[in-house]
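A short write-up of the structure that comes next.
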Amino acid sequence: MAENKDYYKILGVERNATEDEIKKQYYNLCNLWHPDKFATASEEERKEAEEKIKEINEAYSVLSNKEKRAQYDNPQPEGWDTPFGNPFRQERRVNVGTDIKINVHVSLEDAYKGTLKKIKFKRKEHCPDCNGTGSSDGTETTCPYCKGTGMFREERRQGNAFFSTQYPCPKCGGTGKTIKNPCKKCSGTGLVQNEVTEEIDIPSGIFSGAAMQFEGKGNFPKGEGIPGSMIIVYTVDNDSNYKVEGLNIVHEEEVPFNEALLGCTREVKLIDGTIKKVTIPECCENGKEFVFSGKGMPNIQNPFVGNGDFIIRIKYKLPKKLNKEQKNVLKSFQW
């Protein structure tokens, strides 16, 4: 983490800004300093935009992560930690809920332009009857197995080597507490499963197999702690008019065989909605391509590279059956 940088100032948000406010401002700044807007600018201005984007991404990577943001907001004094650890600080284990993995289907058009999408899914949340404790009367006792630490240490010796392994206590699930009278609604787990709705931001240029993590949107932990993450795995659905080949978007224009031989004109709608007129020359070959540079998918992994291309590919449309006259005409051709 870089020193002497005010990440809040870089993003232009207050120190108490919410996660959604930070995310919204981040996308606004990315749009403002996007390299495409500096394509015709001077070299100095392009370099400035590149540095600005790097700085914005650095700030967002810290402020969008709860743990990194907490560390950034509350730095330890210099010399506080030693090579042997901090003798004045006791390590505190944060109870974190489990992650949720959700598959989300996106149309090719939405993947190209980006959009907001509401999704429904089931998530474990704190039981309303016991406030997430799992106890019907609030009575808890210290777990005798881990002695309230929530962690169990297993030690073993192998030859002259000594190994020590630490993991959450299997008896209390890492809480350090045991329950005498379990809550009936949640059977003592402290959690119930609810259906929730979340609005997610699908960025422009998303592709099949891409995954995004949304911290704090996953399952709640039992008792105190923070929820896990919601992990979205995207699938871009096939489109009847277009298909994706890497960063390129391909449209196959069917042309009757006779028109391909004689030449013709076609109007094709690109994925951004613009109409392009294509002149197909005489004796056009099957599979011939007309390329429109920079009109394909945005490169979400490296925006400085720019978009892919939009390709119109000619595909012969052959008749299903020929009559005698048509056959004779074709036989008379000199190839």
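All of the numbers you see were taken from the coordinates with simple rules; none came from a lab. These figures come from a predicted structure and were not determined experimentally. Every residue, glycine as well, gets a Cβ built from its backbone with ideal geometry; the counts of neighbours run over all protein chains shown.
Structure notes:
- Per-residue ³J(HN,Hα) for segment 137-153, Karplus 6.51 cos²θ - 1.76 cosθ + 1.60, θ = phi - 60°, Hz, x for Gly and Pro: 10, x, 8, 10, 10, 5, 5, x, 6, 10, 6, x, 7, x, 10, 10, 10
- Among L32, V291, S136 the positive-end extreme of the charge dipole of the chain (Cβ point charges): S136
- Converting phi to 3J(HN,Hα) with the Karplus coefficients 6.51, -1.76 and 1.60 and the offset θ = phi - 60°, segment 250-264 yields 10, 10, 8, 9, 6, 10, x, 3, 5, 5, 5, 6, 7, x, 6 Hz in sequence order, with x at every glycine or proline.
- Legend: residue pairs K66/K118; K52/K122; K117/K177; K68/K120, Cα-Cα distance threshold 32 Å; pairs beyond threshold, K52/K122; K117/K177.
- Bridge orientation summary for segment 243-332: considering DSSP beta bridges with both residues in this region, about 60 percent are antiparallel.
- Each Lys and Arg adds +1 at its Cβ and each Asp and Glu adds -1 at its Cβ; summed about the Cα centre, the chain shows a dipole of about 1480 debye.
- Of I56, Y7, I311, farthest towards positive along the dipole that unit charges on Lys, Arg, Asp, Glu beta carbons give the chain: I311
- Cut-off 20 Å (backbone N to label point 7 Å along Cα→Cβ of K288), residues of segment 300-335: 310-319, 333-335
- Antiparallel %, DSSP beta bridges [both residues in the chain], to 5: 70
- Rg and Dmax of segment 243-332, Cα atoms only, in Å: 16.8, 58
- Using distinct alpha-carbon pairs, which all enter the 1/r mean, Kirkwood radius of the chain in Å: 25.9
- Value of relative contact order over segment 1-73, rounded to a whole percent, pairs C-alpha under 8 Å and six or more apart: 35
- Note on segment 1-73: Kirkwood hydrodynamic radius from all Cα pairs is 12.9 Å, rounded to one decimal.
- Cβ charges +1 (Lys, Arg) and -1 (Asp, Glu), total dipole of segment 243-332, debye: 440
- The lysine pair count for segment 219-281, using Cα distances under 22 Å and pairs eight or more places apart or on different chains, is 4.
- Under-5 Å amide H pairs with K177, H placed in peptide plane, nonlocal only: C143
- Left without a cysteine partner by the 4.7 Å Cβ rule in the chain: C30, C264, C283, C284.
- Diffusion coefficient, µm² s⁻¹, Stokes-Einstein with Kirkwood Rh over alpha-carbon pairs of segment 111-220 at 10 °C and 1.306 mPa s: 91
- Taking Cα atoms only, the orientation of helix 43-63 departs from the longest principal axis of the chain by about 40 degrees.
- Only one residue of V236, L261, T189 has its Cα farthest out toward the positive end of the dipole of the chain, where Lys and Arg carry +1 and Asp and Glu -1 on Cβ, and that residue is T189.
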